[in-house]
Every structure is written in C-alpha cells, then in structure tokens.
1. Scan the strands (runs of 3 or more DSSP E) fully inside segment 330-411 and keep the ones with 1 or more residues being of a type in the set (S, T, N, Q).
2. I'd like to check something: does segment 122-138 contain any residue that is crowded, with 17+ Cβ neighbours inside 10 Å and either in contact with a Lys or Arg (Cβ under 7 Å, 6 or more places away or on another chain) or under 30 Å from L95 (Cα atoms) (or both)?
3. Identify all residues within segment 184-241 that are among the hydroxyl-bearing types (S, T, Y) and closer than 19 Å to S260 by Cβ; write none if there are none.
4. Looking at segment 182-204, is at least one residue at negative phi, of a type in the set (S, T, Y) and in a strand (DSSP E or B)?
5. Is there a residue in segment 105-112 that is in a helix (DSSP H, G or I), closer than 30 Å to V419 by Cα, among the basic types (K, R) and free of Cβ contacts under 8 Å to residues at least 12 places away in the same chain?
6. Scanning for something exposed (fewer than 15 other Cβ atoms within 10 Å of the Cβ), at pLDDT below 90 and assigned to a loop (DSSP other than H, G, I, E, B), does segment 212-223 turn up at least one residue?
7. Take Q209 and tell me if it is part of a loop (DSSP other than H, G, I, E, B) and buried (at least 17 other Cβ atoms within 10 Å of the Cβ).
8. Filter segment 334-388 for residues that are aliphatic (A, V, I, L, M) and in contact with a helix residue (DSSP H, G or I) (Cβ under 7 Å, 6 or more places away or on another chain) and give the result.
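The values are calculated or read from the model by the stated rules, or taken from the named source; none is laboratory data. The structure displayed is predicted, hence computed values, not measured ones. Using ideal geometry, Cβ is built from the backbone for each residue, glycine included, and neighbour counts are taken over all protein chains shown.
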Amino acid sequence: MKKSSNENPLWRFITSIKLAVFLLITLAITSIVGTLIPQGESLQSYLEHYGPTLFKIIRALHLNDMYHSWWYVSILGFFTLNLICCSIKRLPFTLALYRKDNLNIDPDKLFRMPFKARWEISSGLDDAKKEAIVKAFSKNAGGITGKRSLSDGTLYLSEKGKWSHWGLYGLHASIIIILIGAIIGIFYGFKGQVMLMEGGITNQAIDPQTGKPIPLGFSLKCNSFNISFYDNGAPKEYRSDLTVIDQGKEVLHKAIRVNSPMSYKGITIYQAYYQAVPRVTLKITTSNGHQKTFSLPTFKKINWPEAALSFGVLQYLPNVHGVPAARVWIDNGAGPAQAIWILKNRAREIKMGPNFYKFLLIDAQERYMTGLQIKKDPGVWVVWLGCTSLIIGFIIVFWVPHRKMWLWIGKNDGKDIVVVSGQSSKNRIQFEKDFRRIKQVLEQHVGERL
C-alpha cells in the first residue's frame, strides 16, 4: 500500500510496524525480567536477597509484582491499540483483494504466468470434447468457481482459499484476545498464600505483597498433612487432605499434591510448600516450689504468672548427639533474658537473680504446617481461547494458500487452443506438483502440445 503524503503523523506512528516490533521486544525483555525476579514475594525477602540498592530499583519499578504494574499494563494496552489500528489501516487493501474478480482477466495474460501450458487442437474441438476437457479440469482442480464467455472463447476459473486473506485479521484478533484475558486476570484475579496446621480452617488468604487478607468466599480446612523424605533427608512428597466448606456444608474434598491442585468457584488451590513446626513438652520446676508441664510450639511465648516467668522455644533440632534438643528463651524480669539449650531427658538448672529453675525436655514431636498457594485468574479461559485461535490463525496465514487456476478454451489465429495456467500465494512447491498433475490429465484429452 502506498503511504499518503498527507497522512496524520500520529496515525502513522500508531500504525507503524516498527512500533509493533519495538513493543513486542519490550514485552519479551520485561517478561524475561519477570521470570528472573520472583514475583509476589514479601518486600523483606527482596531486601534480604538483592540488597538495599537493587531493592530500591525493584520497589520503584514494581518489579516484585511486574505484571500488575502500571507501566506493564500500559505497554499491553498500547500494543493492543497498535494491532487494532494496523488492522483498520490494512482493511481497504484486504477488502480490495477479497472483492477482486479474478475472471476479469485478459486471456493473453495467462500465457505470461509462471505456471502455464498450451495445446493446439489440430483436429478441432467439438462440444463433446470441450465438455470432457472442462470436466477433467474441474475434477482435478477442485471444482469450477466461475465462468466467463468471450467472443473468441470461454474462460473458466477454479479458486481456493480466497478467504485466507482474512487470516491475518484472525491472528491480530487472537493476540488482542490474549491481551484482554491477561488484563482481566491482572485486575480481577489475585494470588495469595495460606498456612494451615492439621485441623486448621480459614476463609481468607494473605496477599504476600501487602499482608492484607483476601476473602475466599468459602472456608478451607486442612484435615491432614503428610510428608515423606528421601534417605538424604530431602522431601520426597507432601500432600494436604483438604475440605471446602461453603455456607456451612462440606462441598468438596480432595487430597492435593505438587502439580495436582484443586479448584472451586474459579479459585485454584496449589500445594506449594510446607513449614516444620515442632512441638515440645517441657517440665519446669522453680526454687520456690512451683512445678508445671507445658506443651508448646516453637516461636510462641508462654507466660507463667505463678512463677513470674516467661519463656518460649526458639529452635528445635531433632538430633544433637543422638537426642532431640530445644533452645529455650527465658525471662523472669530479675535480670537479662537468657537462651539455653536443653537435651531430651537431661535436666538443666539455671540461676536468674535470686531464683533457680530446672528445665526438663520430656518429649518433642515434629509437626508441619501446609503451605498453600491460592490463585484466581478469571481471564485464563479468555487467554486459552486466544491461544487456540492464534494457532488456527498461524495455520491460515502460513499454510493456507490463495490458489487460482484458469482454463481457456477458444480460438487464436483461426485455430482451436486450450490454455491452463495458475498461481498460488504460498506453498509453490505443492502447487507445482498439482499443476503438473492437472497438465498431464488434460494432455490426455487435448492431444499434442504446441
């Protein structure tokens, strides 16, 4: 198409192929960045992993949640606008190609086409022979789609794939559908996390970016969590047995594993990770006669008012010199807090201020919390629709040709002649094979070739 000299500069810029290529490259590069930098983690994890300088860049450019950032959505929107405008600009040219009457052609042009064959019928052509030639052409060329009678003969047309000119628009539409699906997911979807102990229940997930709760619209209960290990201690498989409770009724029950999620009301629940939460049993005896046994998880502070004592388990190790061990934090307000190691079944006594305390680790059990990733993406089906149509569009654009074949039966310089010619927009090798086959069939009907 010729560019109009008075074309609006803004329109020329928006419909520029160079702009489309630039936007595609930009999207590709930013997507690579989004792959290299983990998305959706807490800000503290980025600070610890990348350091203060890179953390400032990540936070300023929203690289920790890139696909929801204003600039990434703007690029998607601008690319969508570019595709729509390019399609509109090309529309008159495509309409002209589609509406073109391929029977309105000078028979002399048939002799100048790359694929052509001409025969002279020395014995003349009667109606029966003409009918046989036309029938053979129609059968082998895929049917006759048009016929034009001229003063010195008749022109026949066999045309296939004319609609393939619209394949490019299907390709553009598919990309736009994918982009729309992505934008729907960005604005109406979410990704959250849930940590649950066995028997635990929740009706919300936590946004890892902001820490804000995300209502699920139903409750999720962890009935049990099981984990198995390889001989070297690495986790082999972990599985959560979950129940969905909606309006007080159990509506779905499933055991999920890694790469085997469950879905309910458009929300998908993935088995993502786990966290060890040991529970220890401590027996504490004070010098003023108080004695009590406590069962507590790690990282939980316990207050014992009668003994004016606060304590908690900071760390648990399943094997220290052959026995479990726990590191216990202790504070009685009479001096600085202390942290001591206690081995199982080996009492340890410490002095804090005027008081003595004896600690005995009676038992320790390794318990686990299941870590679930909760994801909702209402645009995923739109994206799948776009991907399917994109594949179909590629097939049409690259493999479906617009193929035209003409048969001319008439007179030239008082002699009966037959001419067959054709052209194809793509896949010329296959077209050449088909044309050669049609030529051989027609030779059997028309006699010697001139």
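1. In segment 330-411, 338-343, 355-365, 368-376 are the strands (runs of 3 or more DSSP E) which contain 1 or more residues that are of a type in the set (S, T, N, Q).
2. yes
3. S224, S228, Y238, S240
4. Scanning segment 182-204, I find at least one residue that is at negative phi, of a type in the set (S, T, Y) and in a strand (DSSP E or B), so the answer is yes.
5. Yes, segment 105-112 has at least one match.
6. Yes, the conditions are met somewhere in segment 212-223.
7. Here the answer is yes, as Q209 does meet what is asked.
8. V380, V382, V383, L385
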